[in-house]
Structure formats: C-alpha cells, structure tokens
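Working notes for the structure below.
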Amino acid sequence: MYGYVSSVLAEKGRHVYTIARTATVAEAVRQMNEKGIGALLVVEDERPVGIFTERDVLRRVVDADRDPALTRVAEVMTRDPITISPEWHVEEAMSLMTSRRFRHLPVLEDGRLVGMISIGDLLRWVTMHQEDHIRKMTDYITGRLS
C-alpha cells in the first residue's frame, strides 16, 4: 500500500554516515551529534560489519562505566546488522523494525550499500501517503473529483 523502500530512499537520499571500527566512542558520538543522527554504520571494505547507535552508547558504554575516549566502536557496536534490499515493501520494513526493536536498517542492493532508513523515515513516508489518500477520498466524497 505504501510502496517500496527504494521510493523512501529516492525521497530522503541515499547518503549513509559511516565510521571505522577503530574510532573511539567519543568520536562516534561527536559525529552523531554534529549530524543530528541516531546511528552510524560501521563499515569495513565498504561492507557493513556493525551499527553503532544511541542505544549502544547508553547500554554498553554509559551503563557499563566505560570511558568513551578509550573505548573503540568495535567493542560496543551491534555486530552483523540485519539488512534489507530496496525492493522490500515499506510495510515489511516497518514490521521488521517493530518486531526486532530496530530504529535503523541498512539497505543493500547486490551486496552494495545503497542507503539506510530509520523508523522515523518510514513513519514520515506512511503519514505523507495517508494524508494524500485522505485528501483524495475527501475530494471523491465531496464531488471535487472529475
């Protein structure tokens, strides 16, 4: 009903913020704050090997009393992130994110990174399409459609 992940990426853009495994948590957090994002994809040879999120900072660094300046991203990242393809339906992606409690999903096409979507991206997309559908239905009911 709401289309494909490829359409979401076409609208939002395909840029993915990444970080090296060897970066410190302090560097990663600084980058996330500067970009206003909640996750960085950890890549090695252009392949996702992990994802570093706000949740990782809270659970694996702050709650574990680790020093962000000394802790490497590789030590606390979520390893082997689940990925999807651009051909996934928006509803499928939302269902996966909801059931697995993910907020970010890398998108790969033929093994190549082509984007990352957040639950916020998907909610914005669905809301936009629901508003359009409501407007069309209202126009139909009120006879403003020809």
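Points worth noting:
- Shown is the FRET efficiency for R144 and R101, computed with R0 = 35 Å from the Cβ-Cβ distance and rounded to the nearest 0.05: 0.25.
- Peptides 20-32, 55-67 ranked from most to least packed by the mean count of surrounding Cβ atoms within 10 Å: 20-32, 55-67.
- Positive-end residue of L113, T127, A23, charge dipole of the chain with Cβ unit charges: T127
- Taking 0.36 nm per residue of sequence separation and removing the Cα-Cα distance, the K136/E46 pair yields an extension gain of 28.1 nm.
- Taking every alpha-carbon pair in the chain and binning the separations at 5 Å intervals from zero gives 2, 9, 18, 19, 17, 12, 9, 6, 4, 3, 2, 1, 0, 0 percent.
- Expected 222 nm ellipticity per residue - DSSP helices of 4 or more, -39500 (n - 2.57), all of the chain, to 500: -12000 deg cm²/dmol
- Helix 25-35 vs. the chain, principal-axis angle (Cα, 0 to 90°, nearest 10): 30 degrees
- Each of T138, A10, L96 was scored by the projection of its Cα onto the charge dipole of the chain, and the greatest displacement toward the positive side belongs to T138; charges sit on the C-beta of Lys, Arg, Asp and Glu.
- Taking the chain as a Gaussian network of alpha-carbon nodes connected by springs under 10 Å, the highest mean-square fluctuation of the residues H104, H15, H89 belongs to H15.
- Proximity of backbone amide H atoms, modeled 1.01 Å from N, is registered between Y4 and V90 at under 5 Å, excluding neighbours fewer than 5 places apart on the same chain.
- Shown for the chain: the carbon plus sulfur share of the solvent-accessible area, taken with all protein chains present and a 1.4 angstrom probe, equals 50%.
- Extension gain for N33 to K12 (0.36 nm times residue separation, less C-alpha to C-alpha distance): 5.6 nm.
- Springs between Cα atoms under 10 Å define the GNM used for the chain, and in it the highest mean-square fluctuation of G120, G36, G13 occurs at G36.
- Solvent-accessible surface of the stretch 26-93, averaged per residue with a 1.4 angstrom probe and all protein chains in place: 57 square angstrom.
- Computed Kirkwood radius, in angstrom, where 1/r is averaged over Cα pairs of the stretch 1-68: 13.4 Å
- Shown is the FRET efficiency for I82 and M128, computed with R0 = 30 Å from the Cβ-Cβ distance and rounded to the nearest 0.05: 0.75.
- With respect to the chain, whose longest principal axis is taken over its alpha-carbon atoms, helix 119-141 is tilted by about 10°.
- Mean separation of Cα contacts under 8 Å (6+ apart) over length of the chain, as relative contact order %: 27 percent
- What you get for the chain, charging only the Cβ of Lys and Arg (+1) and of Asp and Glu (-1), is a dipole of about 260 debye around the Cα centre.
The values are calculated or read from the model by the stated rules, or taken from the named source; none is laboratory data. Please read these numbers as outputs of a predicted model, since none were measured by experiment. Ideal geometry is used to build each Cβ from the backbone, glycine not excepted, and the neighbour counts take in all protein chains shown. All accessible areas refer to the heavy atoms of the entire protein, side chains included, with ligands and DNA or RNA removed. Shrake-Rupley method; radii C 1.70, N 1.55, O 1.52, S 1.80 Å.
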